[in-house]
Each structure stands twice: as structure tokens, then as C-alpha cells.
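Every number here is computed from the coordinates shown, using simple stated rules; none is lab data. Since the model is a prediction, treat every value here as computed from it, not as a measurement. Here Cβ is always computed from backbone atoms with ideal geometry, including for glycine, and neighbour counts include all displayed protein chains.
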Amino acid sequence: MLGVTYSSEFLANPKNHRSRASLLLEGPGGNVLVDCPPEMRLQLTGAGIKSVESVIVTHAHADHVMGMDDLRSLCILEQRSIPIYTLPVHQEDIRRIYPYAFREPPLGVAYPKFDLYDASPVLNLGGMEIRTFVVLHGKVPVIGIRVNDMAYITDVSFIPPEVEEQLQGLDVLIVDAVRRAPHPNHFHLDKAIEVGRSLGAKKVVLTHLSHDYDHDVTNAELPPGFELAFDGMKLEI
Ligand SMILES: [Zn+2]
């Protein structure tokens with residue numbers, strides 16, 4: 001199946017209704033959210049998540065940061081600012097998009113409040129040791145993460161060899177497969193399969209999916225060990 005499909009059969013499957021990619025790590029010490037897509041509020045409320053300890057922003061493209069204003073509710077509920085971990089270049093974008101999140105609000109008004117931190121190679125958040133590394137998405141540096149034997153790499157067109165070394169022995173690799181046709185700034189389906197195989201991950205979950213993919217039809221075609229992500233998917237790591 002190629003291209004955009006809007007048939008009623010396609011739309012009848014809830015797994016073909018995709019919001020933008022993000023990940024929530026439920027750690028023993030708290031929840032760590034990876035990216036804040038435009039649907040973040042609905043994703044969190046839909047999953048019954050009432051608190052987020054901290055946030056990792058992989059990069060500052062719109063589909064990864066445009067939900068950040070809604071962190072406001074969490075700041076109000078918990079009476080605190082939210083720590084945001086990202087690369088310095090993306091911190092500049094976040095300050096530009098959300099200048100008010102770094103100012104004191106006028107009396108009677110609530111602003112979201114962000115504390116920006118550099119994403120160091122090892123972050124201890126939510127009671128988890130989270131390893132971070134940088135891959136390329138076209139020319140944009142994007143943070144990937146590894147927790148235990150799970151790695152999450154959204155938005156990638158190139159994984160540097162030194163990062164590949166950190167991706168050995170994975171039980172689960174969650175990786176970009178934006179569409180079926182090659183893309184200059186993303187892995188496409190065949191590339192994601194090739195990378196998943198060469199890294200030897202036991203299970204590969206494909207994410208950042210466009211509507212090229214009918215969930216059930218594609219899953220039936222994928223090689224063993226590969227599957228498509230879907231909204232609300234849960235994995236034990
Ligand atoms: Zn992007």
C-alpha cells in the first residue's frame with residue numbers, strides 16, 4: 001500500500017489513527033516524558049498520567065515541542081517548574097518559542113515554568129539510569145536514549161558508528177520508519193529494517209509513522225521481530 005489512505009476500512013482500525021511520536025518512561029521514582037508533541041495533553045490524560053517528573057526533548061521540531069505549553073497544568077498541580085533536558089541548540093529554540101515559561105507571570109496568571117538542563121550522557125531521572133546519545137536527522141542533532149536494554153531513536157537518518165556500539169545487546173529498539181519511500185531526513189521502512197537487523201535487536205518497534213502504513217496489513221508483512229508502534233502501546237523493559 002502506497003501513499004495516503006483514507007478509506008473507511010483504514011479508518012475503522014483505531015491503530016491507524018496516529019498522534020505524533022513520544023515516549024513515557026514509567027520509572028520507580030517518577031515519570032519521564034520524552035518529547036511533547038501537539039497531542040501531549042490528550043496522550044497523557046488518555047493514559048491516566050497525572051505527574052511527570054522531568055522531560056527530555058530529543059530536538060525542537062514542531063512535532064516534538066508544540067505540546068510544551070500544556071506542561072503548565074503539571075506545574076500548577078505540583079507547584080514547581082519542570083526540568084527539561086536537551087541539547088544547547090534546542091534550548092535556544094525552546095526559549096524563543098516559549099519566552100513566557102522563563103518569566104514570572106503577572107499576578108493571577110499561571111505560566112508553564114521550564115528549567116533547562118544540558119542532556120549529559122547519563123541522566124538519573126525517575127529512578128532510572130538513562131543513557132543519551134546523539135544521532136543525525138538530516139543536519140539536526142537528535143537525542144536518542146537507552147534504558148536497560150531498550151533504546152528509543154525517533155527522527156533519524158544517520159546513526160554514527162560510535163553510537164552503534166552503544167546499541168548492542170538490545171531487547172527492544174524503537175526506531176523511526178517514517179514512510180515506505182526513502183526520505184532525506186528520516187529512516188524509511190527498508191532502512192529501519194536494515195538497521196534493526198544489523199544492530200541485532202531482539203525486537204524492533206517502528207515509530208514516527210505516516211499514513212503509508214495500514215497497521216494490521218503491514219504487521220503481517222513485516223519480518224519476524226519487527227512490528228509497528230501504535231498510540232498507547234506499552235512495553236515492559
Ligand atoms: Zn524532526
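Quick look at the values:
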read-out	value
Sites matching trypsin sites (Lys or Arg not before Pro) across the range 128-157 that sit in DSSP coil, with at most 13 neighbouring C-beta atoms within 10 Å	139
Amide H within-cut-off set for residue 204, under 5 Å, with H built and near neighbours excluded	173, 226, 227
Candidates 227, 162, 129: whichever shows maximal mean-square fluctuation once the chain is modelled as a Gaussian network with Cα springs under 10 Å	162
Selection of trypsin sites (Lys or Arg not before Pro), the range 59-96, meeting DSSP coil and at most 13 other Cβ within 10 Å	80
In order through the range 69-84: 3J(HN,Hα) via Karplus (6.51 cos²θ - 1.76 cosθ + 1.60), integer Hz, x for Gly, Pro	4, 6, 5, 3, 4, 5, 5, 5, 4, 9, 6, 7, 7, 9, x, 10
Nitroxide proxy distance, nm - points 7 Å out along Cα→Cβ at residue 17 and residue 73	1.8
Förster radius 30 Å - calculated FRET efficiency between residue 51 and residue 198, Cβ distance, rounded to 0.05	0.20
Rounded, prolate or oblate (a/c below 1.5 giving rounded, otherwise prolate when a/b exceeds b/c) for the chain by Cα gyration tensor	prolate
Charge context of residue 220, other residues only, Cβ under 14 angstrom, K/R +1, D/E -1	-3
³J(HN,Hα), Karplus 6.51/-1.76/1.60, whole Hz, each residue of the range 90-100, x for Gly, Pro	7, 4, 4, 5, 5, 5, 6, 6, 10, x, 5
Expected-Rg normalisation [2.2 N^0.38 Å, Cα atoms] applied to the range 96-206	1.32
Residue 80-residue 7 FRET efficiency (beta carbon distance; Förster radius 30 Å; 0.05 resolution)	0.05
Directionally averaged projected area (convex hull, Cα atoms, the range 62-137), nm²	5.9
Length gained when the stretch residue 149-residue 237 is fully extended (0.36 nm per residue, less Cα-Cα span)	31.0 nm
Filter on 50/234; 50/113; 113/234; 139/202 - keep pairs with C-alpha separation over 23 Å	113/234; 139/202
Of all DSSP beta bridges in the chain, antiparallel share, percent nearest 5	50
Residue-count net charge about residue 76 - beta-carbon cut-off 14 Å; Lys, Arg +1, Asp, Glu -1	+2
Residues residue 139 and residue 97, FRET efficiency given R0 of 25 Å [Cβ-Cβ distance, rounded to 0.05]	0.80
Rounded to whole Hz, the Karplus (6.51, -1.76, 1.60) HN-Hα couplings of the range 123-140, x for glycine and proline	10, 9, 9, x, x, 10, 8, 10, 8, 10, 8, 10, 10, 10, 10, x, 9, 8
